Amino acid sequence: MLTVEGWIPSQWRFDSEGSSGVAASCALTETLCWVSHISLLKPEKMLRKKIFLFIVAISTLSLLLHQGIHSSWIMEPFYFSCPSLQSHPAPGLKPKHTNVAFLKTHKTASSTMQNLLFRFAERNNLTVALPVQSCAHQFCYPHTFTSHFVHPHTLPPNIITSHMRFNKAELQRLMPNNTIYITILREPSAMFESSFTYFYHHCQSFKRVRDGSLETFFTDPWRYYQAKEKDSMYARNTLAFDLGLDKDRSGEDEEYVQASLAEVEKVFSLVMIAEYFDESLVLLRHLLSWDLDDILYFKLNMRKASSKRSLTPGLATKIRSWNSLDARLYDHFNASLWRQISALGLACVAREVQFLRQAQEKLMRSCFDGTVPLLRSASQIKNNNLRPWQPSGKVDIMGYDLPANLSRRYSSQAQELCFKLIMPEVQYTQVLLRSQSIRYRRGHQLRSPQQSHPLPLPIRRTTPRHPQVQQSQLPPSAPGSVSVTGFTNSKQTAAPQDPNVGTETSRTQNAATEK
């Protein structure tokens, strides 16, 4: 039987600016073409086919014209833009994958990714594993992750995404067997420049540089760096350390490098690349069978332009040499990302990226009174729940403030979407912990006395190889009017925590990343 999805032309566009008429014209033309085609069929079947197609066309046009009045989104199906992928089932026809472990690495746009996952969890009533209060908003980083760092009110989890040092065995115990593991990397020289500024007052290796310059540090990095002291992971091979690898192994140790790359590939179904964040999200969308509105985001935790500095080619080379293990990881998985993009189709991915950016711009203008929002420094943001934590006076982390008249223009649901899109990591973690604790207590009260004690964590003895990116296309749904791995177990000293942690307006160490 012919389905509606099987013949809606990819050229149809629907928005609130009058393009519904164009859609009607396209639909009429397409329908006539189909009627002409049907005329070649046997006479006894022709009349029934014509009537069927006419009814389907009128019904579909009526529905879509109605949607065009109320929607500000261009709803062009991705699926029909990529003929080479039509033999694969569209993601929208399968249930969304909801068990996800995201290894949140430092200074890699990971705060933006975490916010995306937090919002997905809330929309789908999922449980996010969150740290116990003594760990603040991270899983007691830089200690190697253990399930003891997870707050009992956030068990059993569907998603885990807060900062940790990766421990494969513990995560397999904690997460469901069908969990898909993803992470993100960033070009090491750009990442190190960001870390040097961001962690300057927290990392002793950086604080020893009296003039606070990268050039001075790289005149003799061994003079400033001490491998065993606390927070030394920010000063060398941070990506490798976050992945559970040995940060002091050289990228020239070929046996260790190849074993590490193989293990990361075995565990992580997708390694995103910060420099190609949107392309990475398209791959993620197909991997998890998600919709367009599931990957919409606003950039978070960005530094003020004046606190950034450009790198000379010579300095960038020194940084990559010092972080040679990170460089090997990045180069390998950057190439891997583009192989996956090529497999999905370069033109198709580019088309989805363009569509994603158009949808984000419309959403942003909806949230910010018809304009692109101006980034504000923390001191300019009046709402404490939207004020990003400032690591030091050396760097200014920017954020957003919503228009004062938002409550008069939008529903409470639309306001909440705008609010959550720009909420910093620390505050959002606290909001989630409160809401999940309330849900946990309600469930606890409904249990019988014999079931009142928390159940022990299930032991996950095996984790199958995670599926590769699926080569399929999906017509996106409109969001609304705004609408590796544990190679080392060496113990580390916990990172310094802000004394105000636990209060709603505290600014603890936010190790998420700006691009």
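The values are calculated or read from the model by the stated rules, or taken from the named source; none is laboratory data. Just so we're clear, the structure is a prediction, and the values are computed from it rather than from any experiment. Cβ sites come from the backbone with ideal geometry, for glycine too, and all protein chains shown count toward neighbours. When the accessible area is computed, the model is the full protein with side chains, heavy atoms only, and any ligands, DNA or RNA have been set aside. Shrake-Rupley method; radii C 1.70, N 1.55, O 1.52, S 1.80 Å.
Computed extension length for Ala343-Ala227: 37.7 nm, one decimal, from 0.36 nm per residue of separation with the Cα-Cα distance subtracted. A Stokes-Einstein calculation at 4 °C with viscosity 1.567 mPa s, built on the Kirkwood radius of segment 338-418 over Cα pairs, returns a diffusion coefficient of 84 µm²/s. At the residue level, Arg285 shows approximately 0 square angstrom of accessible surface with a 1.4 angstrom probe and all protein chains present.
Once you compute Rg and the Kirkwood Rh from C-alpha atoms, what is the Rg to Rh ratio for segment 100-443?
Working: Rg = 20.1 Å, Rh = 21.1 Å.
Rg divided by Rh gives 0.95.
Phi angles of segment 109-125 translate, via the Karplus equation with coefficients 6.51, -1.76, 1.60 and θ = phi - 60°, into HN-Hα couplings of 6, 6, 5, 4, 5, 4, 4, 4, 5, 4, 5, 4, 4, 5, 5, 9, 6 Hz per residue; Gly and Pro are given as x. Here segment 217-232 is scanned for amide nitrogen atoms under 16 Å from the site 7 Å beyond the Cα of Asp248 along Cα-to-Cβ, giving 221-232. For segment 276-379, rounded, prolate or oblate, judged on the Cα gyration tensor with a ≥ b ≥ c (square roots of eigenvalues), a/c < 1.5 rounded, else prolate if a/b > b/c? Note, shape of segment 276-379 comes out oblate. Legend: distances between Cα atoms for Lys304/Lys382; Lys107/Lys304; Lys104/Lys207; pairs beyond 22 Å are Lys104/Lys207.
Under 5 Å between amide hydrogens, built in the peptide plane, is the criterion, and for Leu185 it picks out Met272, Ile273, Ala274 among residues at least 5 positions away or on other chains.
Dipole of segment 331-409, Cα-centred, from +1 at each Lys and Arg C-beta and -1 at each Asp and Glu C-beta, to the nearest 20 debye? All intermediate terms of the calculation are to be shown ahead of the outcome.
Values: 11 positive and 6 negative charges, 54 e Å.
Here the size comes out at about 260 debye.
Using Cβ point charges alone (K and R +1, D and E -1), the dipole size of segment 100-443 about the Cα centre works out to roughly 1200 debye.
Give me the accessible area per residue for segment 100-443, probe 1.4 Å, as a whole number in Å².
On the way: 12330 Å² over 344 residues.
Accessible surface, normalised per residue, equals 36 Å².
How do the peptides 212-225, 237-250, 121-134 rank, highest first, by the average count of neighbouring beta carbon atoms within 10 Å per residue?
Details: 212-225: 14.7, 237-250: 23.1, 121-134: 17.3.
Highest-to-lowest ranking by the protection proxy: 237-250, 121-134, 212-225.
Dipole size of segment 227-379 about its Cα centre, with +1 on Lys/Arg Cβ and -1 on Asp/Glu Cβ: approximately 780 debye, rounded to the nearest 20.
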